[in-house]
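**Student:** Structure in structure tokens, see below.
Derivation of every value follows stated rules applied to the coordinates shown; laboratory data play no part. Please read all numbers here as calculations on a predicted model, not as lab measurements. Quick reminder, even Gly has a Cβ in these numbers, built from the backbone with ideal geometry, and neighbours come from all protein chains shown.
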Amino acid sequence: DQQVKQNSPSLSVQEGRISILNCDYTNSMFDYFLWYKKYPAEGPTFLISISSIKDKNEDGRFTVFLNKSAKHLSLHIVPSQPGDSAVYFCAAKISDNAGNMLTFGGGTRLMVKP
Amino acid sequence: DTGVSQDPRHKITKRGQNVTFRCDPISEHNRLYWYRQTLGQGPEFLTYFQNEAQLEKSRLLSDRFSAERPKGSFSTLEIQRTEQGDSAMYLCASSLTANYGYTFGSGTRLTVV
């Protein structure tokens, strides 16, 4: 049973426009959410995170929105740049999980066209 | 380079052979994690260490898999009697505490033929 789902395997956006990547989760115990970005032949790199006590967190061009009632989060990238082309993973965890294990979604491949 | 290092980057092995991967975490990080990523999927948790103690193992980690972190520094992941279904990217990550995010290595891509 996938507890974290990214239903869009790919997304294509024009440079300068907004990219919106979506993520849904089923486990109501998750209270911390992260987005990772992965280029080919590299490991995932941390992008931005949000605690369940917030509904928005912004860092430069990246903003994550959390809708707890809908168990949905989204990552907005504005403006999108060709260098943003990568696979984006949503991940979730339970904060009092001593092991700090993450549950990842399946990823969305973003392609930003010049 | 003070990131997480994994060796080898690629490994091709015949079915039934044993393989061992190594991970060198960021030196001050006491937590080390192994994840596996198959094509089109996100990383899946395998196991984690706090210092030298292996504190949790996923049910994905069958009896053919064993991981060690003998001195609380580098870690090894061994797969015995490899099967084609073991073909995947094996990712190692480390973190300072439970409240810090992971730093992932570049992974070891295993292909079992």
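**Student:** In chain B, how does Rg compare with the Kirkwood Rh, expressed as the Rg/Rh ratio over alpha carbon atoms? Show your work: numbers first, answer last.
**Tutor:** On the way: Rg = 13.2 Å, Rh = 13.9 Å.
So for chain B, dividing Rg by the Kirkwood Rh gives 0.95.
**Student:** Counting other C-beta atoms within 10 Å, which of B:14, A:68 has the fewest, and how do the rest follow?
**Tutor:** B:14, A:68
**Student:** Please arrange B:10, A:76 by how many other C-beta atoms lie within 10 Å of their C-beta, fewest to most. Can you show the working numbers first?
**Tutor:** Numbers: B:10 11, A:76 16.
By the 10 Å Cβ count, ascending: B:10, A:76.
**Student:** In nanometres, what is the gap between the two model label sites at residue A:68 and residue B:66, each 7 Å from Cα along Cα-to-Cβ?
**Tutor:** With each label point 7 Å from Cα toward Cβ, the separation is 4.5 nm.
**Student:** If you don't mind, another one. For the stretch A:107-114, take each phi angle, set θ = phi - 60°, evaluate the Karplus expression 6.51 cos²θ - 1.76 cosθ + 1.60, and give the result in whole Hz per residue in order, putting x for glycine and proline.
**Tutor:** x, 10, 8, 9, 10, 9, 8, x
**Student:** I need the P(r) histogram for the stretch B:35-94: all alpha carbon pairs, bin width 5 Å from 0 out to the longest distance, whole percents.
**Tutor:** Using 5 Å bins, I get a P(r) of 4, 17, 30, 26, 15, 6, 1 for the stretch B:35-94.
**Student:** Just in the stretch B:22-113: which trypsin sites (Lys or Arg not before Pro) are loop by DSSP and have at most 15 other Cβ atoms within 10 Å? Write out the running numbers ahead of the final one.
**Tutor:** Values: sites: B:22, B:31, B:36, B:57, B:59, B:64, B:71, B:81, B:109; in loops: B:59, B:64, B:71, B:81.
Sparse-neighbourhood loop trypsin sites (Lys or Arg not before Pro): B:59, B:64, B:71, B:81.
**Student:** Which ordering of A:94, B:79 is given by a fewest-first count of other beta-carbon atoms within 10 Å?
**Tutor:** In increasing order of surrounding Cβ atoms, one gets A:94, B:79.
**Student:** Can you give the charge dipole size of the stretch A:17-84 about its Cα centre, rounded to the nearest 20 debye, using +1 on the beta carbon of Lys and Arg and -1 on the beta carbon of Asp and Glu?
**Tutor:** Dipole size: approximately 100 debye.
**Student:** Among A:68/B:57; A:38/B:14; A:5/A:54; A:54/A:93, which pairs are too far apart, with a Cα-Cα distance over 26 Å?
**Tutor:** Details: A:68/B:57 29 Å; A:38/B:14 29 Å; A:5/A:54 21 Å; A:54/A:93 15 Å.
In this structure, A:68/B:57; A:38/B:14 lie more than 26 Å apart at Cα.
**Student:** Rounded to whole Å and ordered largest first, report the semi-axes of the equivalent ellipsoid of the protein assembly as shown derived from its Cα gyration tensor (root of 5λ).
**Tutor:** 30, 20, 16
**Student:** Can you give the relative contact order of the stretch A:59-114 as a percent, counting alpha carbon pairs under 8 Å and 6+ residues apart?
**Tutor:** Rounded, it is 31 percent for the stretch A:59-114.
**Student:** OK, next. Volume per residue, Å³, of the convex hull around the alpha-carbon atoms of chain A?
**Tutor:** Numbers: hull volume 11.7 nm³, N = 114.
Convex hull of Cα atoms, per residue: 103 Å³.
**Student:** Find the relative contact order for the stretch B:27-72 and round it to a whole percent, using C-alpha pairs within less than 8 Å whose residues are 6+ positions apart.
**Tutor:** For the stretch B:27-72, the relative contact order is 31 percent.
**Student:** Sticking with this one: Report the antiparallel proportion of the DSSP beta bridges in chain A as a percent, rounded to a multiple of 5.
**Tutor:** That works out to approximately 90 percent antiparallel.
**Student:** Working out 0.36 nm times the residue gap between residue B:111 and residue B:73, then minus their Cα-Cα distance, what length gain in nm do you get to one decimal?
**Tutor:** Fully extending the segment from residue B:111 to residue B:73 adds 11.0 nm.
**Student:** Over chain A, calculate the relative contact order: mean separation of alpha carbon pairs under 8 Å at least 6 apart, over the residue count, as a percent.
**Tutor:** Once normalised by length, the contact order is 37 percent.
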